[in-house]
Amino acid sequence: MYQLNLGSLSLTEFLNDYWQKKPLLLKGGFKQFTDPLTADELAGLALEEEIESRIVSCVNKQWDMQTGPFEDFSVFGETDWTLLVQAVDHWHPDAAKLLDPFRFIPNWRIDDLMVSFSTPGGGVGPHLDQYDVFIIQGEGKRHWRVGMPDSNLQQMCPHPRLLQVSPFTACIDVITEPGDILYIPPGCPHDGISIENSLNYSVGFRAPAQKDLLTGLADHLIDHDVTGKRFSDNGRSAAKSVGAISDTDLNQVQQLLQQLVNDKTMLPHWFGSLITRAKHELDINEPDPHYSNEEIAEYLDEGSVLSRCGGLRCCYYQQTPDSDILLFINGDQITLPANELTTAQLVCDFTALAPEQNLHFTHSAERLMLLTSLINQGYWYFSE
Ligand code: SIN
Ligand code: CO
């Protein structure tokens, strides 16, 4: 189990003073850090078709970027390249545990665990990210520079698939060692150059853009065949120019759209399902044959431990203590009665359930059916 050490800061101080505001170095953020995976294991993941990986290299000031899967790393030589593997938490349960110390931020804001292996001189170049990230130093050492957002920085493309920024002034300039953690808010330029073979773990967050939200709302309307209200214009006066779109008409169109967005009944349904959809492939293994409710009850009585499939996104929403609970799992919605909050919390707040927590599901037929169905879909599995 990894435990986050914020030094002299309390969690509240970190959230008030640094989160989304300014970068922070947590020297020894994880004490006595042990890597959850080896560079060889990471290379093994990059062999897989369904796992997103890329190699960024810079030789003689010439940047290059290749996408995986990769079979042969020897062609890249001993220096000046970085392998980056996305959503490692979906495929490697031990690596997924690195997300747990950051779960003071809700599930829906957490994106994935990206792991990089860099040879000496390797890095992706100075760049900005749109999202918050905690970068954990694993084995090896890396020279990191991080700056504050600066509107004078110029974006440049040294390679068609690489977006970098012009040189920046660093407010953090450090050689990170195993267990050190950098927190980098969105828009802060950063650059990490490896000193020796080095593993870095990036805990990334997601922040939907207005475009994503509107697309999600539109998908919900299409999926549920909702047309909504139609434009109406009783009280119209005769148009002076029939070719013109008037401001009065535009205001009405705007109001019509706002009514849709303001609909608080619809909001949790479409947002919950949008935000729990997986961005990267999941390692789902559906049991064959499926378990019966009775078999599941037996396993739970025997004290089995349950684990959630890595990267599975689970959230719930309950408007008031008397309202039904909307449970969202991997984009699907399940409605639970108001008094089943513990059930929703067990499913959403924990990535592994201990035997005593599991007994909760044996206390009613409905809970057992829900858990059986989650296990039969490969969303939860018996890990011990
Ligand atoms: C890396 O690990 O090389 C890249 C991490 C980042 O800069 O976002
Ligand atoms: Co970055």
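The values are calculated or read from the model by the stated rules, or taken from the named source; none is laboratory data. Here the structure is a predicted model, which means the values were calculated and not measured. All Cβ positions, glycine included, derive from the backbone under ideal geometry; neighbour counts span all protein chains shown. Accessible surface is based on the protein model in full, side chains and every heavy atom, while ligands, DNA and RNA are left aside. Shrake-Rupley method; radii C 1.70, N 1.55, O 1.52, S 1.80 Å.
Listing for the model above:
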read-out: Point-to-point label distance, Met369-Asp301, nm (Cα→Cβ direction, 7 Å offset); value: 2.1
read-out: Length released on extending from Asp173 to Leu221, taking residue separation times 0.36 nm less the Cα-Cα span; value: 12.4 nm
read-out: Hypothetical label at Lys61: residues of segment 135-157 whose amide nitrogen lies under 20 Å (7 Å Cα-Cβ projection); value: 154-157
read-out: Positive dipole terminus of segment 1-55, leading residue within Leu9, Leu45, Phe30 (C-beta point charges); value: Leu9
read-out: Most to least packed among 240-249, 148-157 [average Cβ atoms within 10 Å]; value: 148-157, 240-249
read-out: Per-selection Kirkwood Rh - the chain (Cα, Å, 1 d.p.); value: 23.7
read-out: Global form of segment 1-42, assessed from the alpha-carbon gyration tensor, a/c cut-off 1.5; value: prolate
read-out: Linear extension gain, Phe382 paired with Gln154, 0.36 nm per residue minus alpha-carbon span; value: 77.0 nm
read-out: Per residue value of the accessible surface for segment 11-205 (all protein chains in place, 1.4 Å probe), Å²; value: 45
read-out: Rg over Rh [alpha-carbon atoms, Kirkwood Rh] for segment 109-228; value: 1.10
read-out: For the chain, size of Cβ-based charge dipole, Lys and Arg +1, Asp and Glu -1, in debye; value: 1940
read-out: Relative contact order (percent, whole number), segment 254-322, Cα cutoff 8 Å, 6+ residue spacing; value: 48
read-out: Quotient of C-alpha Rg and 2.2 N^0.38 Å, computed over segment 102-161; value: 1.37
read-out: Span per principal axis, largest first, for the Cα atoms of segment 293-382 (Å); value: 36, 28, 18
read-out: Burial ranking of peptide ranges 134-141, 104-111, 359-366 (average Cβ count within 10 Å, highest at the top); value: 134-141, 104-111, 359-366
read-out: Net charge dipole size for segment 293-382 [Lys, Arg +1 and Asp, Glu -1 on Cβ; Debye, nearest 20]; value: 380
read-out: Accessible-area ranking of His269, His92, largest first, probe 1.4 Å; value: His269, His92
read-out: Relative contact order, percent, segment 293-384 [alpha-carbon distance under 8 Å, six or more residues apart]; value: 39
read-out: Protein accessible area in the chain, 1.4 Å probe - carbon and sulfur %; value: 51
read-out: Rounded Å value of the spacing that divides the Cα centres of segment 311-370 and segment 223-261; value: 41
read-out: Cα gyration tensor shape of segment 165-269, rounded if a/c is under 1.5, else prolate or oblate by comparing a/b with b/c; value: prolate
read-out: Inter-site label distance for Glu356 and Arg230 at 7 Å from Cα along Cβ, in nm; value: 6.1
read-out: Calculated over segment 11-205: convex hull of Cα atoms, volume per residue (Å³); value: 117
